[in-house]
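Asker: Please read through the structure below; I'll follow up with questions.
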């Protein structure tokens, strides 16, 4: 079986009136395979990122409870956990309960955004994927911003103290690597979103 796809045109009210150039023939199995493959990738991406944010929520909740129970607990950089690149530099401004609460909120927002992706893919809702695309466009900018902040702080430290090791400088590449990974994910999801958007303007006619 093949599928004839006719694109909606506001100048034609009757499907039989559509001009021939507005139709395209597709093989059902080929189209279904492509759509299924993109959907599977989107579900894997959403599930993986959701898992990361769930871990962030659990760790941040533990640190928050520990901070409440031990108000005099010293501030340690190792306890600065964040899963949202844009919020990581805020540890320089906020510490203690405020810092942990901000990072916890960031993880909750990140989890919510990725649940939009997972549920939007399952329900073929293009608007839900658009929410994810906007959020992670901001997230990619956040990774670049984090890279700039880390590089500035380490260069300043090296200039003043001259004690920054080369391996420490290499840590600044992590945000850039994250940005590249997010861009790859973003391009995968935008293709699926375009498919959902285009399908809203198509009429499918199946024939033997």
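The values are calculated or read from the model by the stated rules, or taken from the named source; none is laboratory data. Bear in mind the structure is a predicted one, so any value in this text is a computation, not a measurement. Neighbour counts run over all protein chains shown; Cβ positions are idealised from the backbone, glycine included.
Asker: For residue 169, are the conditions met, namely being part of a helix (DSSP H, G or I) and at pLDDT 95 or above?
Answerer: no
Asker: Among the residues of region 88-110, write down those that are farther than 21 Å from residue 174 by Cα and under 10 Å from the mean Cα position of the chain (by Cα).
Answerer: Those that are farther than 21 Å from residue 174 by Cα and under 10 Å from the mean Cα position of the chain (by Cα): none in region 88-110.
Asker: A further question follows. Which of the residues belonging to region 100-125 are surrounded by fewer than 18 Cβ atoms within 10 Å (Cβ to Cβ), over 17 Å from residue 64 (Cβ atoms) and in contact with a helix residue (DSSP H, G or I) (Cβ under 9 Å, 6 or more places away or on another chain)?
Answerer: Passing the criteria: 112, 115, 119, 122, 124, 125.
Asker: Here's a follow-up. May I ask you to say which residue of 182, 196 is within 19 Å of residue 51 (Cα to Cα) and surrounded by 14 or more Cβ atoms within 10 Å (Cβ to Cβ)?
Answerer: 182
Asker: For region 126-161, enumerate the residues that are within 18 Å of residue 49 (Cβ to Cβ) and over 13 Å from the mean Cα position of the chain (by Cα).
Answerer: 146 - this is the single residue of region 126-161 that is within 18 Å of residue 49 (Cβ to Cβ) and over 13 Å from the mean Cα position of the chain (by Cα).
Asker: Within the group 150, 183, which residue is in a helix (DSSP H, G or I) and farther than 28 Å from residue 63 by Cβ? Lay out the reasoning, then the answer.
Answerer: Values: 150 fails: farther than 28 Å from residue 63 by Cβ.
Being in a helix (DSSP H, G or I) and farther than 28 Å from residue 63 by Cβ holds for just one of 150, 183, which is 183.
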